[in-house]
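The values are calculated or read from the model by the stated rules, or taken from the named source; none is laboratory data. Source: prediction; values computed, not measured. As a convention, Cβ positions derive from the backbone with ideal geometry for all residues, glycine included, and neighbour counts pool all protein chains shown. Just so you know, the surface numbers come from the protein's heavy atoms only, side chains and all, with ligands and any DNA or RNA stripped out. Shrake-Rupley method; radii C 1.70, N 1.55, O 1.52, S 1.80 Å.
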Amino acid sequence: MTLTSDRSRDEGAFGFVAIAGRPNVGKSSLVNRYIGRKISITSRRPQTTRNRLLGILTTDDAQIVFVDTPGIHAAGGRELNRVINRTAVTSLDGVDLILMMITATGWHRDDSLVYEKAVAAGAPIILAVNKSDQLARRDAILPLLESVSRDRDFLDIVPLSVKSGYNMEHLREVIVSRLPKGPPGFPAEQVTDRSQRFLASELVREKLFWHFGQELPYVSAVEITKFDQDESGMLRVEAVIWVEKAGQKAIIIGRDGAGLKRVGQRAREQMERLFQAKVYLGLWVKVRKGWTDNAAMLKSLGYGEW
Ligand SMILES: Nc1nc2c(ncn2[C@@H]2O[C@H](COP(=O)(O)OP(=O)(O)O)[C@@H](O)[C@H]2O)c(=O)[nH]1
Ligand SMILES: [Mg+2]
């Protein structure tokens, strides 16, 4: 058998890679950067991601299916938190690889919890140390790389900056080298498993994170009540923002409706970019007391479901 004939029968790599990490290390940002589109919302606050979401990266040599997960953290309190944490942990089951993310600032206590869950899930683990752009000097990361690998079992360790793009291609190649060979599982043009409807609701939720104070985004959920495309190609989207209290509703709506208008405007712009269509967006704010602790309501809003 010659090398050439071997190579001509070479198959690409295909597999599922779950991204595990405590909240805010840059998991969703990584998926968006690889896919080249905002399919997973991000913010400076923890727990922005609530659902499992696939980001599918197809290249000549491979198809990598990233499983974006909510951050794993020491959960407690409301049912919503428990559901989110459960989703994060069960998303690690049955994947080919786990990409664990930490940041260059050091190993945190919740990182140990994440590592423990990743080991329990059973797939080999690659460690990415993100936000290396925040270090004054690139080699300042070396002591951390050295210390995290002591007593822990990583296939590879890759310093990274999703923000600057540093080592993104290198990490992709490392992942590809560790994935099984096989034909792609999804059409090359498919970038996510989520519907446009879901992505629309997430973009509205992202703007709540961007525009409102500490608490509000955590007691808000977005339900799409209409999603139609008319003959002209215009998308008509209507959505309800659920909150827990009348006061929260007043805050979102804002003076003369200015708050809601701002959220609507920004969300609409991003929908137009993502869906490549003109969008009409109607938003309403409604109060349902205790929805974050109501299992039935959480289910009807799609939490804890794949
Ligand atoms: N400086 C810096 N910030 C980053 C980097 N990657 C992500 N971020 C920021 O970190 C925050 C959390 O990102 P996100 O993707 O939502 O984190 P997740 O909770 O792990 O999904 C956002 O404000 C991102 O813009 C990076 O490489 N460098
Ligand atoms: Mg996220």
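Overview of values
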read-out: Solvent-accessible area of ARG266 with every protein chain in place, 1.4 Å probe, in Å² to the nearest 10; value: 110 Å²
read-out: Percent carbon-and-sulfur accessible area, segment 196-300, ignoring ligands, DNA and RNA, probe 1.4 Å; value: 48 percent
read-out: 12 Å beta-carbon shell around ALA121, net charge (K/R +1, D/E -1); value: -2
read-out: Residues of segment 56-73 with amide N under 11 Å of the 7 Å Cα→Cβ point at ASP193; value: 56, 65-68
read-out: Accessible-area value, ILE39, 1.4 Å probe, nucleic acids and ligands omitted, Å²; value: 10 Å²
read-out: Candidate aspartates and glutamates for bridging to LYS131, where Cα separation is under 19 Å - those fewer than 8 sequence places away on the same chain excluded; value: ASP68, ASP110, ASP111, ASP139, GLU146, ASP156, GLU169
read-out: DSSP beta bridges in the chain [antiparallel fraction, %, rounded to 5]; value: 35 percent
read-out: Pairwise centroid distance, computed over Cα atoms, of segment 7-67 with segment 242-306, Å; value: 25 Å
read-out: Counted charge near VAL243, where neighbours are those whose Cβ lies closer than 10 Å (Asp, Glu -1; Lys, Arg +1); value: +4
read-out: Estimated FRET transfer efficiency (ASP61, ARG82; beta-carbon r; R0 30 Å; 0.05); value: 0.15
read-out: Solvent exposure ordering (accessible area, 1.4 Å, most first) of THR105, THR69; value: THR105, THR69
read-out: Distance between modelled label sites at LEU274 and ILE141, nm, 7 Å Cα→Cβ extension; value: 2.9 nm
read-out: Rounded percent of accessible protein surface that carbon and sulfur make up, segment 45-189, 1.4 Å probe; value: 49 percent
read-out: Extension gain, LYS289 back to GLU11 (0.36 nm per residue minus Cα-Cα distance, nm); value: 94.7 nm
read-out: Too-long pairs where the Cα-Cα distance tops 20 Å, listed order kept, from LYS117/LYS181; LYS27/LYS163; LYS226/LYS286; LYS38/LYS278; LYS261/LYS289; LYS27/LYS207; value: LYS117/LYS181; LYS261/LYS289
read-out: For the chain, accessible area per residue (1.4 Å probe, heavy atoms of protein chains only), Å²; value: 48 Å²
read-out: Rel. contact order, % - alpha carbon contacts under 8 angstrom, at least six apart, the chain; value: 18 percent
read-out: Largest-first principal axis extents of the Cα set of segment 1-134 (Å); value: 61, 30, 27
